[in-house]
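Worksheet for the structure shown next.
The values are calculated or read from the model by the stated rules, or taken from the named source; none is laboratory data. In this text the structure is predicted, and so the values were computed from the model without any measurement. For neighbour counting, all protein chains shown are included, and Cβ atoms are generated from backbone atoms with ideal geometry for every residue, glycine included. Ligands, DNA and RNA are stripped out before the accessible areas are found, and what is left, the full protein with its side chains, is counted by its heavy atoms. Shrake-Rupley method; radii C 1.70, N 1.55, O 1.52, S 1.80 Å.
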Amino acid sequence: MVDIGIGLLGIGAGLAIGVSALGTGMAQSSIGAAGMGLMAEKEGKEGQVLLFLAIPETMVILGFVVAYLILTTFKG
Amino acid sequence: MMQTETMQRVRIIALQDDVEQVINELVDFGVIHVTRSKQGGAGEPLEKFDQIASELVWLRACEKILGGEKAGYAKVLSFNGLRPLDELLSEAAEFKKKAGELMAWNEELQETRGKESALASRMRELEPFKNLALSPALLKSAALEFRHLPLKTTREGLLNAAKGLRATFLFSQPGKATWVLAAFDSKQAGKMDAVFAAHCGPAVEFPKITAANFSEEWKIAEKGLAQAAERANDLEGKISGFMKKHFSTVIALRYGMEVHARKSELPSRFGKTTSLEIIEGWVPFRLSAGLGDRLRKKFSDKILVEMVETADIPPTKLANPRLIRGFEFLVKFFSLPGYGEWDPTILIAISFPIIFGMILGDIGYGLVALAIALVVRKKFRSGFFHSAASMLVFSAIMTTLFGVVYGEFFGTEELLGLKMHPFVERGGEGVNLLLGLALLVGVIHVATGLIVGVAWNAAMKHYRHAVAKAFWLMIEAALIIISASVVLPQFVAGLPSPMLLGTGMAVVALVGLYFSEGYTAIFEVPSMLVNVLSYLRIMALGLSGVILAKIVNQIPVGAAFAGLVAAAGRADAVGIVGSLLSFAIFAVILVGGHAGALALGLFESSIQALRLHYVEFFSKFYHGGGFPFVPLNEEIRGG
């Protein structure tokens, strides 16, 4: 029989990475669309577009770290 | 090492009679970025430009008719130097004679295509009538009305609906649809309209024809279309044959003319007086004296070369050693350094491969990536692929070295049957160490960016900015001490009251930031923490890569091979075939899986390493916004 606490830790870890991934995806969808528009209008802006597109990715990385900490630290 | 090329503004004043020779001399010299002169009146292209432009229009028209680029003929050509204009013009004149018939064929082809299109349209119009061998004269009557409509229901349905009305119908099936030619008493048009609405589609108009009947007219159009198509094919064949024979000549002539056109057009950027031409541009400082000497030697006292002081912003020319030049692409991709700004290529050449290697870190993947990079580098001598391959060489070497650190070979911990002992294990307890290492790389990388920011601002005498960067560096140090005193107190045990020290440093740095950058800087302090934490992606992506490789390694190739050996031992023919088949399938999946994992690893490692440079590292010191130095010889040659 699995302890309910372990299940809740799993849900917590899943939420940490899942919600942060959703947030990143939502942010990147708007930035990506705007970036495509910018590149269509002006050549040579690929670097800046890539930069802006990459900024929200930190959220999902932090989500991953939080999930890892939940599973390793609290699980004991 | 981080300086860009120092530029010198030069002004050359020459006689108008010598301008063509001066241009030739400048193109030979090559390393000059010609700008629009603000001196004198507006310049004009050389007189011969009009003739060259008109030849170019003709040659481009020829090229379009021949359509060789689509067929890949342009690729087989190579250009060996620029031929003199007179020679090109003479060859173009010769070619024009031969191309007379090409132009005639093309004209006829266009006409034939037009005819084909008109006949196809006529056939679509006649299609519903093609089975009607009726003369239009029969369809004229004072008492009767005629309609031609597509049948929507059935013949019986229509006949039943029209029962009792004075109407007769002729059915025909020219294609898939059934058509009905209806003749009825004009006085019953209202009733017939209701019948048609229920059973037929909209009526079509009777086309005007010149033949005896509709069917005959359709046959004439069909025959005409076939003849036109045959003639068009014939003409296309002739044009294609001409292309195979002469396309290389057209391309070579066009290329040569374009170069001469660019040279002839150059004086439109010069300033002009009644008898002089004024040329202005940027030359690398170390070559500027040499240019002056060269021009004076060629034109003696008929030319004046001045080194000019100006407030105009010069173009940027990077000056890196050949070994790391491939990394210039990453800097240019973001933004070229502004003139005088430090070029971060050397820094990116050091840290990019390290971060890339830390993420991918596998001996097997590193060696495969190195082999790919060397092959691509050999195949492409310049351009994007050459730069990318050059960067990949360094990155692959670091991947292999980190593979040794992690003790991984294609996701396994064995190399040639020997068990490897990782210095840092990417799994289990080793993950905490990896997490710490990723943060350490982040701390060092961000601190390096800030130190470069302090040094560059100090060198540029932007002391306020230099001090602000120093306070940011202090904030980073304070955050490290405070975090360490909570998480790893043994590391700061040597410091007196580390928490107090860290807090004190943070307060001093915040006050300093307030005075040097204003209160908004204080709100940006958490970004420093986020910047460092962002480097945790090194650990996160590395772990996901390892897990992917381990999943691929689950494919039971070894078991299939053992089964094959066992079957061979039993001399079981069916067993051998079955085992061989399963071994082959699993081997293909294993190789394909690792190829996919490597492709994903290369892509992710590049993108994420690049992101850490562009967002976390460059934001500490780099501005960019420079415009490129375009050497005249490259501009004239067309890249």
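Principal-axis analysis of the Cα atoms of chain B puts helix B:49-66 at an angle of about 60° to the longest axis. Accessible surface computed residue by residue for chain B, with neighbouring protein chains in place and a 1.4 Å probe, gives 51 Å² per residue.
Note on exposure: B:Asp343, B:Asp234 ranked by accessible area (1.4 Å probe, complete protein assembly) read B:Asp234, B:Asp343, with the most exposed listed first.
No solvent, one uniform scatterer per C-alpha: report log10 I(q)/I(0) for chain B via the Debye equation at q = 0.05, 0.06, 0.11 1/Å, two decimals. For chain B, the Cα-only Debye profile gives -0.53, -0.71, -1.11.
Note on A:56-62: average number of Cβ atoms from other chains within 10 Å of each residue's Cβ is 5.
Relative to the longest principal axis of the Cα atoms of chain A, the long axis of helix A:4-41 lies at roughly 0 degrees. Using only Cα atoms, locate the centre of the stretch B:447-524 and the centre of the stretch A:12-76, then give the distance between them in Å, rounded to an integer. Taking the Cα centre of each part, the stretch B:447-524 and the stretch A:12-76 sit 28 Å apart. Of the peptides B:196-206, B:416-426, the order by per-residue mean of other Cβ atoms within 10 Å, starting with the highest, comes out as B:196-206, B:416-426. Ordered from highest to lowest accessible area with the whole protein assembly present and a 1.4 Å probe, B:Ile480, A:Ile70, B:Ile451 read as B:Ile451, B:Ile480, A:Ile70. Here B:Glu94 sits with roughly 100 square angstrom of accessible surface, probe radius 1.4 Å. May I ask for the angle, rounded to the nearest 10°, between helix B:430-459 and the longest principal axis of chain B, with both axes built from Cα atoms and the value confined to 0 to 90°? With both axes taken from Cα atoms, the answer is about 80 degrees.
Under the definition of Cα pairs under 8 Å and six or more residues apart, what whole-number percent is the relative contact order of chain B? After rounding, I find 20 percent. Per-residue shielding of A:46-54, expressed as the average number of other chain Cβ atoms within 10 Å of the residue Cβ, stands at 5. Between the beta carbons of B:Thr520 and B:His623, assuming R0 = 22 Å, the FRET efficiency works out to 0.75 to the nearest 0.05. Taking Lys and Arg as +1 and Asp and Glu as -1, the other residues whose beta-carbon sits under 11 Å from that of B:Phe410 total -3. Once you have a ≥ b ≥ c as the square roots of the Cα gyration tensor eigenvalues for the stretch B:134-212, tell me rounded if a/c is under 1.5, and otherwise prolate or oblate according to whether a/b is larger than b/c. Cα axes put the stretch B:134-212 in the oblate bin. Eigen-decomposition of the gyration tensor built on the alpha-carbon atoms of the stretch B:90-235 gives equivalent ellipsoid semi-axes of 47, 14, 12 angstrom, largest listed first. Treating r as the C-beta distance of B:Leu138 and B:Ala177 and R0 as 30 Å, the FRET efficiency rounds to 0.85.
Rg of the Cα atoms in the stretch B:181-303, relative to 2.2 N^0.38 Å, amounts to 2.69. Only protein heavy atoms count here; under a 1.4 Å probe, B:Glu127 has an accessible surface of about 70 Å².
With distances taken between every two different alpha-carbon atoms, the protein assembly as shown has a Kirkwood hydrodynamic radius of 34.1 Å. For chain A, applying the loop criterion from DSSP together with a ceiling of 10 other beta carbons within 10 Å to the GluC sites (Glu not before Pro) yields A:Glu43. This model, with +1 at the C-beta of Lys and Arg and -1 at the C-beta of Asp and Glu, gives the stretch B:134-212 a dipole about its Cα centre of some 60 debye.
Summary value for chain A: 53 percent relative contact order, contacts being C-alpha pairs under 8 angstrom separated by 6+ residues.
Chains A and B together bury roughly 1500 Å² of accessible area, counting both sides, with a 1.4 Å probe on protein heavy atoms only. For the stretch B:288-354 versus the stretch B:97-134, the inter-centroid distance based on Cα atoms is 59 Å. In the complete set of protein chains, residue-level accessible area for B:Lys191 is approximately 130 Å², probe 1.4 angstrom. Take each peptide in B:609-619, B:324-334, count the other Cβ atoms within 10 Å of every residue, and average; sorted highest first, the result is B:609-619, B:324-334.
Evaluate the relative contact order of the stretch B:134-212 (contact order divided by residue number), counting alpha-carbon pairs under 8 angstrom at least 6 apart; express in whole percent. Averaging sequence separation for qualifying contacts and normalising by length gives 44 percent for the stretch B:134-212. Say R0 is 22 Å: what FRET efficiency, to the nearest 0.05, do A:Ile6 and B:Val487 get from their beta-carbon distance? Working from the Cβ atoms, E equals 0.30. The lysines within cross-link reach of B:Lys469, meaning a Cα-to-Cα straight distance under 20 Å and a gap of 8 or more places when in the same chain, are B:Lys461, B:Lys620.
The mean number of Cβ atoms from other chains found within 10 Å of a Cβ in peptide B:613-621 is 2, as a whole number. Both radii come from the Cα set of the stretch B:345-620: Rg as radius of gyration, Rh as Kirkwood radius; their ratio Rg/Rh reads 1.13. Step through the table entries B:Lys263/B:Lys297; B:Lys317/B:Lys378; B:Lys130/B:Lys238; B:Lys97/B:Lys263; B:Lys379/B:Lys419, compare each Cα-Cα distance with 32 Å, and write down the pairs that go over it. Cα-Cα > 32 Å for B:Lys130/B:Lys238; B:Lys379/B:Lys419; rest within. For the listed peptides B:248-258, B:506-516, B:436-446, B:389-399, a ranking on the average number of other beta carbons within 10 Å per residue, highest first, reads B:389-399, B:248-258, B:436-446, B:506-516. The count of lysine pairs in the stretch B:134-212 that are at least 8 places apart or cross chains, and whose C-alpha atoms lie under 22 Å apart, stands at 8.
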